[in-house]
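Have a look at the structure below, then the notes.
Laboratory data are not the source of any read-out in this text; all were calculated from the coordinates shown. Keep in mind that what you see is a predicted model, and the values were worked out from it rather than measured. We place every Cβ from the backbone using ideal geometry, glycine too, and count neighbours over all the protein chains shown.
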């Protein structure tokens, strides 16, 4: 018997176990989050005798006589101070890391009531945050310390809400206090646990699957294999090429393939039984890169044949997608150019490292199914699960839990369809979940690419033309590989005014983990290449890197390389002007090296695709209930909806309820992707609010309007790729940015300056957090993050991904340019989520080139302060 004291109460357990499991599964203490269970992320941090400790590496047998405390055991004063401070500072985005951060904060403040910024950085250096960039978390801790030290009263929350005003995110306090429920926090009576049996090999023929031993194990209720799937076995948002389970006689395509699902009464029983499923394989040599995949004699991962691209019929040879963007005569333009630069670059796959591993709970719902999950598009889930189970869509309900980050990595199905399958077949609640390593092995990554690019300018530094060729590894399954490649190609011309481009891209299937959506969506890759070369071109032509950009920057009324005419809200030039002083200051200081890069990024899917945002308002018991399926993955779209409603109607916060996404009530607002939700769903909320406003101004009260529903929908017609229009409209809007990265003589990060054309700031607190988080993600892409593979198998754990920590982050200075019509779509706002994470990587490359004269063609950059490796010529 093991005795343990938690939050002042004595508990006991007959068996020894990890503290995290005891707290969550036995006591129902959900502030202790399971982010990795490897001791690497800090989401499960608790206080043990006042010291911040990771509960996943502690066993009950080692805790006799120890005092354990979680947020649930805080005093009311402590709860109020920490939740207020974290909300006030904007320190809460997805919120999954927040309770662990608050525990680390309390340990620090108890020991040191007046900490410095450096003290705070050191206190949270073992707690990872993927959303915020740490700066606002540090500000929150310093603010909390001040409240405790000076015994300050918590200010009353203001009810007045407007667009452009700094307001708390509406979910910040529930997340800080761990009252917000993520998918793994849901528990139901009689709930079972489902565990995937994954392939041991990226490519192997499955000769047999023997489930008999697993079925005999204690607590095991069922083991399902491919033949048990009642509907269409193949899933996928665009191409349905991803089997929910591999059948006997078929080949596995990657290490993340599922062969069976074990369902048991307890989590531990399911995990043990999954290991008892015996699979006989014929191991085959995997295809591990596009160069192998394109060979005529390469194994065909998805079958033989040809692919049709417009007028062209191309032998497949594992080719999944082909994209092209051609305007003018690039070859002639390059031949006439006074100065030309070119190079071949390599960018790696990248792990999203969202803090919450994938979990879903399936629940019987009459003769249908309900699934509680946390991902980026519940209506995508609804369609795919209905197809998987072979039932009508109206029999499927998807309810969104709070979502612990996404960054594109939760656009694809992972556990949702398997939880639905198990619950549907067994008529009991079933939770299916990934360990952190399973998540790393399974979900689609950022695409690795090999990119050749050539750019030329005249004697005045004016860009004349560019040629680029992209070779993308889309891994074992399509995912969003086509649109990602397309976006890489459409943005390769950059935010500049010239018309001669010749861009082609090829995406190949391999036996590597799939690649899909990742913040930046292909533009991250192309901008690294193009901006690095423009810096090289500036040097060759005798201009500063700032000057060559200023001469070529797109201005209102001019034409982008993709043919779209820049609208009046275009503020690319203003982003350059905002950083000029800092650029000149550090350029002329011999103790530092300053790198620069610019970018543009679309808002919305565009390119001729339907892209509606939706938000309905229903009056219930005197309050306005805002309903939209737009997924809140940390970017704060629910708060955007709130601000749109309040700005339009004049109603105060206490009259608005923003509901969680649920297909039973909330309309389909599309996937949270492509920096689209603020613009499209924000405008939908504004449209619905205008109708409500008309009724209120007509003399009606909310009580008079009981039960009335206002329908808000917004879409924008765009032109498809390949349009024969002279100036096609590819997207509703583009955001523009210029970022500086300053390093010292050691190569250590000193400062980042980020200037962004945002159209209109909706919430200063949120937009600052988005930029800080995006910058840090881009710095990691440049300097430390890698995803090495060996024969298709990831060679990383969460702790070796190279994620930057608080003590490594420099100050980030931000400038926001608001040039859009404040009365326009979504009050003039543009998306910020993706572009924030794009320019810093090439800016770092430029800074290091100035430091040591080595022009680096590969990420993460080699031989830097952060990564001492030999540069391969």
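At-a-glance table
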| item | result |
| --- | --- |
| Value in Å of the Kirkwood radius, where the range 184-294 supplies the Cα pairs that are averaged | 15.1 |
| Kirkwood hydrodynamic radius over Cα pairs of the range 626-680, then Stokes diffusion coefficient at 37 °C and 0.692 mPa s, in µm²/s | 281 |
| Globularity ratio of the range 521-567, using Cα Rg and 2.2 N^0.38 Å | 1.29 |
| Stokes-Einstein translational diffusion, the range 1-179 - Kirkwood Rh over all Cα pairs, 1.306 mPa s, 10 °C, in µm²/s | 95 |
| Per-residue Cβ neighbour rank within 10 angstrom, fewest leading, 55, 208 | 208, 55 |
| Tail weight of P(r) past 14 Å, computed on alpha-carbon pairs of the range 126-202, percent | 81 |
| Extent along principal axes [Cα atoms of the range 715-873; Å; largest to smallest] | 52, 37, 33 |
| All-pairs Cα distance distribution in the range 363-470, expressed in whole percent, bin size 5 Å | 2, 11, 17, 17, 12, 8, 6, 5, 6, 5, 5, 3, 2, 1, 0 |
| Reciprocal mean inverse distance between Cα atoms of the range 613-714 - Kirkwood radius, Å | 13.1 |
| Radius of gyration and Dmax over the Cα atoms of the range 445-539, both given in Å | 14.0, 47 |
| Length-normalised contact order for the range 98-251 - Cα pairs under 8 Å, 6+ apart - percent | 18 |
| Taking the C-alpha atoms of the range 10-101, convex hull volume expressed per residue in Å³ | 101 |
| Relative pair counts by distance (%), Cα atoms of the range 346-390, 10 Å bins | 21, 43, 23, 11, 3, 0 |
| P(r) weight above 14 Å for the range 708-755, C-alpha pairs, percent | 72 |
| P(r) of the range 172-241 over all Cα-Cα pairs, binned every 10 Å from zero, in whole percent | 12, 28, 32, 20, 7, 0 |
| For the range 665-775, projected area of the alpha-carbon convex hull averaged over all directions, nm² | 12.1 |
| 37 °C / 0.692 mPa s Stokes-Einstein diffusion coefficient of the range 203-246, Kirkwood radius on C-alpha pairs, µm²/s | 259 |
| Hydrodynamic radius by Kirkwood, which averages 1/r over all alpha carbon pairs of the range 83-235, in angstrom | 19.8 |
| Value of [θ]222 nm, deg cm²/dmol, for the chain, DSSP H segments ≥ 4, -39500 (n - 2.57) each, nearest 500 | -8000 deg cm²/dmol |
| Mean projection area, nm², convex hull over Cα of the range 483-641 | 15.0 |
| Tail weight of P(r) past 23 Å, computed on alpha-carbon pairs of the range 760-842, percent | 38 |
| Euclidean distance of C-alpha centroids, the range 412-482 and the range 780-794, integer Å | 14 |
| The chain, Rg to Rh (Cα coordinates; Rh as Kirkwood inverse mean 1/r) | 0.96 |
| Proxy reagent accessibility, fewest Cβ within 10 Å first, across 143, 617 | 143, 617 |
| Volume per residue of the C-alpha convex hull in the range 122-169, rounded to whole Å³ | 104 |
| As computed over the range 329-415, the Cα convex hull volume per residue (Å³) | 169 |
